[in-house]
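> I have a structure here, written as structure tokens, and I will follow up with some questions on it.
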Amino acid sequence: MHRAVSLGLLLPLCTGAGCVVLRAQHDDLAAQVDRLEEQVAQRDQELARMMEQAEQQAASVESKLQEAEKLLRGNQASVGVRVDDLESEVAQMRGSADDNRNALAALTSGLDEMRADVESRINNLEASVNEATNIPESKQALYAEAERQLAAQAYKQARRLYRIYWSRYPSDKLGPEVRFKIGLTLYSERDFRSALGEFYWITQNARKAKILPDALYYSGLAFAKLGQCKDAIVYFEYVTKKSVGAGKRYRDQARQQIKTLKKDKGEICQDKDRAGRS
């Protein structure tokens, strides 16, 4: 095919008798044709190599595409798993959020209760401050106010005023009576042991005071309330003695208390065995 084309390129020498192709020109043309054919062959080889490379590249691209598709499918599956994980985490987070809201509600409720308690304490403190700043200055007014509070059964306030009176006037003639009434407020609040401490002070330091029979009688009552009947009976027996100077009412009541405690089967007395031998 190339040869035929090449021959068509020969340039004839035309004369009157016809066209004549010179030998030298023919050889030169043949050489050019050979060179052209060689170039064409080289180009064909180069083109073949390029086609082979293109096919290799296409195959490589196809392989990579397959790997990419496989990876994509794997990633999609992984993404699906991840999405499931995320949904699970979101559900857990929602649950945690609900728990946190519940905890917050409980905390808010607790804070409200604490706030109410603090406000109550502040109000009580303000009331205490008002009471503390409303203490009568004169001896007579102070004692009268303490008596008024005791009559109103405001035992804590009465006791506070009696203690102030005692601290201001420790040598006053009303001192033993003040100590007894401090004990009486404690007894009324069922703090029997503290009350006994006040009554004991009188029996040891004010044996000639008019309030002594009261202190002895209430000491017996306090010991009975504590179940210590042996000690209670001792104090009631003191009340019955003439030397103490108790009135008839106190003596009669003391004797009745003694009879009651001695007959007790253990409902009052916690030291019944010891009391029975007394």
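The values are calculated or read from the model by the stated rules, or taken from the named source; none is laboratory data. Note that this is a predicted model, so its numbers are computed, not measured. Here the Cβ positions follow ideal geometry from the backbone for every residue, glycine too, while neighbour counts run over all protein chains shown.
Yes/no per residue for (1) polar (S, T, N, Q); (2) over 29 Å from E267 (Cα atoms); (3) modelled with pLDDT of 95 or more:
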{"site": "E177", "(1), (2), (3)": "no, yes, yes"}
{"site": "G197", "(1), (2), (3)": "no, no, yes"}
{"site": "A206", "(1), (2), (3)": "no, yes, no"}
{"site": "S219", "(1), (2), (3)": "yes, no, yes"}
{"site": "K225", "(1), (2), (3)": "no, no, yes"}
{"site": "V234", "(1), (2), (3)": "no, no, yes"}
{"site": "A246", "(1), (2), (3)": "no, no, no"}
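> Which of the numbered conditions does A224 fail, given that it passes all the others? Conditions: (1) in a helix (DSSP H, G or I); (2) of a type in the set (A, V, I, L, M); (3) over 50 Å from the mean Cα position of the chain (by Cα).
(3)
> Of the residues in the stretch 225-236, how many are touching a helix residue (DSSP H, G or I) at 6+ places or on another chain (Cβ under 7 Å) and under 16 Å from Y250 (Cα atoms)?
Qualifying residue count for the region: 4.
> Kindly evaluate A232 against the criterion of being of a type in the set (A, V, I, L, M), within 56 Å of the chain's Cα centre (by Cα) and assigned to a helix (DSSP H, G or I).
yes
Yes/no per residue for (1) of a type outside the set (S, T, N, Q); (2) free of Cβ contacts under 8 Å to residues at least 24 places away in the same chain; (3) assigned to a helix (DSSP H, G or I); (4) over 25 Å from R251 (Cβ atoms):
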| position | (1), (2), (3), (4) |
| --- | --- |
| Y165 | yes, no, yes, yes |
| S171 | no, yes, no, yes |
| F180 | yes, no, yes, no |
| G183 | yes, no, yes, no |
| L196 | yes, no, yes, no |
| Y200 | yes, yes, yes, no |
| P213 | yes, no, yes, no |
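Results for (1) over 24 Å from K263 (Cα atoms); (2) surrounded by fewer than 22 Cβ atoms within 10 Å (Cβ to Cβ), shown as yes or no for each residue.
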site	(1), (2)
S138	yes, yes
A141	yes, yes
R148	yes, yes
P170	yes, yes
K208	yes, yes
I211	yes, yes
L221	no, yes
K230	no, yes
Y235	no, no
